[in-house]
Amino acid sequence: LARSVFRAAGSGPAISARKKPIGTNVTSRLTEASSVKFTVDRKSKGRKVGRKCKAKTKANAKKRSCTRWMKVKGSFTVPGKARKNSFKFRGRIGGKKLKPGPYRLNGTATDPARNTSVPKRKSFKIVR
């Protein structure tokens, strides 16, 4: 990500070819032509219950706190060539503007033979 802190676009698509002060440039490097599916996770607080991080309830309120990554509904796919690829991410997913707060962008490449890569993650923050 060119910037890890940016504003989300109020309307329009999740990605854009135009360069505006809203959003950030996302750059990826691929070894072969693939489509890259991007998803977004929102950071939230939870409680450690056993080995898992669960939502806070009355029953587990006194347990140790932990970080939960909750999936944001929606995704988008970008076609990529076997080289450096970039696009403008506008801070929108599933047709909606992301609320201010910390997030992470997950990218998984899938080649024509349906082989998938290990997901790559980058953290970012949406501000007002």
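Could you check which residue among LYS52, LYS71, LYS96 shows the biggest mean-square fluctuation in a GNM of the chain with a 10 Å Cα cutoff? The residue that fluctuates most here is LYS52. For the listed residue pairs LYS45/LYS120; LYS45/LYS125; LYS43/LYS99; LYS43/LYS120; LYS45/LYS71, the alpha carbons are over 18 angstrom apart in LYS45/LYS120. With all protein chains kept in place, the per residue accessible area of the chain amounts to 70 square angstrom at a probe of 1.4 angstrom. Within the assembled protein chains, the solvent-accessible surface assigned to ILE22 is about 40 Å², based on a 1.4 Å probe. As a fraction of the 1.4 Å probe accessible area of the stretch 4-128, surface on carbon and sulfur atoms comes out at 51 percent.
Considering amide H positions built from the backbone, and no H for Pro or chain starts, which residues 5 or more places from SER75, or on another chain, come under 5 Å of its amide H? Close amide H contacts, sequence-distant or interchain: GLY94.
For the stretch 1-123, the ratio of Cα radius of gyration to the globular rule of thumb 2.2 N^0.38 Å stands at 1.22.
The values are calculated or read from the model by the stated rules, or taken from the named source; none is laboratory data. The model shown is predicted, which means the values in this text are computed figures rather than measured ones. Heavy atoms of the whole protein, side chains included, go into the accessibility calculation; ligands, DNA and RNA do not. Shrake-Rupley method; radii C 1.70, N 1.55, O 1.52, S 1.80 Å.
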